[in-house]
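Structure record follows, encoded as structure tokens.
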Amino acid sequence: MRDSLPVEAVVCGPLPFRRRSGFTLVELLVVIAIIGVLVGLLLPAVQSARESARRMNCSVRLKQIGLALHNYEAANKRLPAGYQSFDRYDQIAALPSEDYDPLTWDASAGWAWSAAILPFLEQQAVYEACDFGKPLWEERFATVRETKFNSFLCPSATGGDDAFTVADESGVTLLKRGKPVRLGRTHYVASHGQEECWGARSGPTGPFQGDVSRIADGPFYRNSKTRFADISDGLSTTVLAGEHTSRLSDKAWAGIVPGAFVHPKVTSPENAAESAAALLFVHSGPSGGELDLFGNVIIHPPNFPTLHVCQMQSEHPGGAQLLMGDAAVRFVSENIDRELFAALTSISKGEVTDEY
């Protein structure tokens, strides 16, 4: 009797073909191209979101400065001086020669408005380390004047956040007491108004005999004592301070050093070095004697292409943040009408300002 066949059938012949999973080279290239397009579409959105966050942070810091100025004015019945200085020749002549500038009459002690508001920015210890009756360039103040405060720095600004060494008119390191002077950096500068009352105009060859209050039309200048009551054009329509990026020039929070000059880091046909007050101030123009290459008066709103070291300059796309007299922070377009911007910087000229 024949043996029974096994239950399991024996398969003879080749196994059936199985298709392997995976990408062809063409498919891979298509996927890479799609990813590249998506990244290209998303990257500007990510960058925009980051800049929006930086701009918001900048606004908060300017707001804190505005509230500090309000608290200072409430406590002292006036805003702090733009910077402190001897301003009469009979006082200046008695100082050591390196403690005053014979061209500008900038002199001891040099401390700035931003140093004066430190207690209202929760920096009482640093404030107490200052001595507003002594020259800030003395060696004992080196540590305090070089201090880095995030409150004075815009997150969008490039060009450096650390302290810098001041230079003279020729760009050579300026020495005081035989040593260089380094100053802590700021990206927020006080408004001097429309006029530019520094340099030779503020010294013995100028028309004011050192008293720049006779022509200054902004809230801050040398030895200023502006009260909110003096800002008759309205606090909400008057600029107190604004931005200046260290990509264009160096600015200091502590004060000025006689004989120092601020040099532009970007060259344009109309910019040049400015004397020590430009470490702290900007102005809008028009200012007596300041003309462009064609003889026209200069008005420079934020980010204006003249690139003066004494103008508002921001790295926020499209404009700059300004601190108004009511402590509001406004983003102002770089395309703002120039005459309107000039009107916003004076304190009591009676200009009527439209919405901006």
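FYI, it's all coordinate maths here, none of it is from the lab. Everything quoted here is computed from the prediction, not taken from an experiment. Because the Cβ atoms are built from the backbone with ideal geometry, glycine has one as well, and the counts that use them run over all protein chains shown.
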Given H placed 1.01 Å from N in the peptide plane, which residues other than close sequence neighbours of Glu315 have an amide H under 5 Å from its amide H? none
What is the gain in length, in nm to one decimal, between Arg54 and Leu67 on full extension, counting 0.36 nm per residue of separation less the C-alpha to C-alpha distance? 2.7 nm
Among Ala81, Ala53, Ala115, which one moves the most in a GNM of the chain with springs linking Cα atoms closer than 10 Å? Ala53
So the label point goes 7 Å from the Cα of Thr353 along Cα→C-beta, right? Which residues of segment 287-301 then have their backbone N under 16 Å from it? 300-301
Using the 2.2 N^0.38 Å rule of thumb for compact globular proteins, work out how the chain stacks up: its C-alpha Rg over that value, please. 1.46
Rounded to the nearest 20 Debye, what is the dipole magnitude of the chain about its Cα centre when Lys and Arg each give +1 and Asp and Glu each give -1 at the C-beta? 1240
Here, Leu38 and Leu95, labelled 7 Å along Cα→Cβ, have an inter-label distance in nm of 6.5
Treating the angle as unsigned and between 0 and 90°, give the value, to the nearest 10°, between the Cα long axis of helix 25-76 and the longest Cα principal axis of the chain. 30
Residues Ser236, Ser202 in order from fewest to most other beta-carbon atoms within 10 Å are Ser236, Ser202
Cα-based Lys proximity count in the chain, under 16 Å, for pairs eight or more positions apart or on separate chains: 4
Ranking request for peptides 208-214, 168-174, 61-67, 286-292: highest mean number of other beta-carbon atoms within 10 Å first, then the rest in descending order. 61-67, 208-214, 286-292, 168-174
May I ask for the distance between the Cα centers of segment 132-177 and segment 183-208, given as a whole number of Å? 17
List Tyr188, Tyr127, Tyr221, Tyr72 from most exposed to least, where exposure is judged by having the fewest other Cβ atoms within 10 Å. Tyr127, Tyr72, Tyr188, Tyr221
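For the residues Met312, Met56, Met324, what sequence is obtained by ranking on other C-beta atoms within 10 Å, fewest first? Write down the numbers at each step before the final one.
Numbers: Met312 29, Met56 11, Met324 21.
Taking fewest neighbouring Cβ atoms as first place, the list is Met56, Met324, Met312.
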Dipole check, the chain, charges on Cβ (K,R +1; D,E -1), about Cα centroid: among Ala163, Phe208, Asn335 the Cα furthest to the positive pole belongs to Ala163
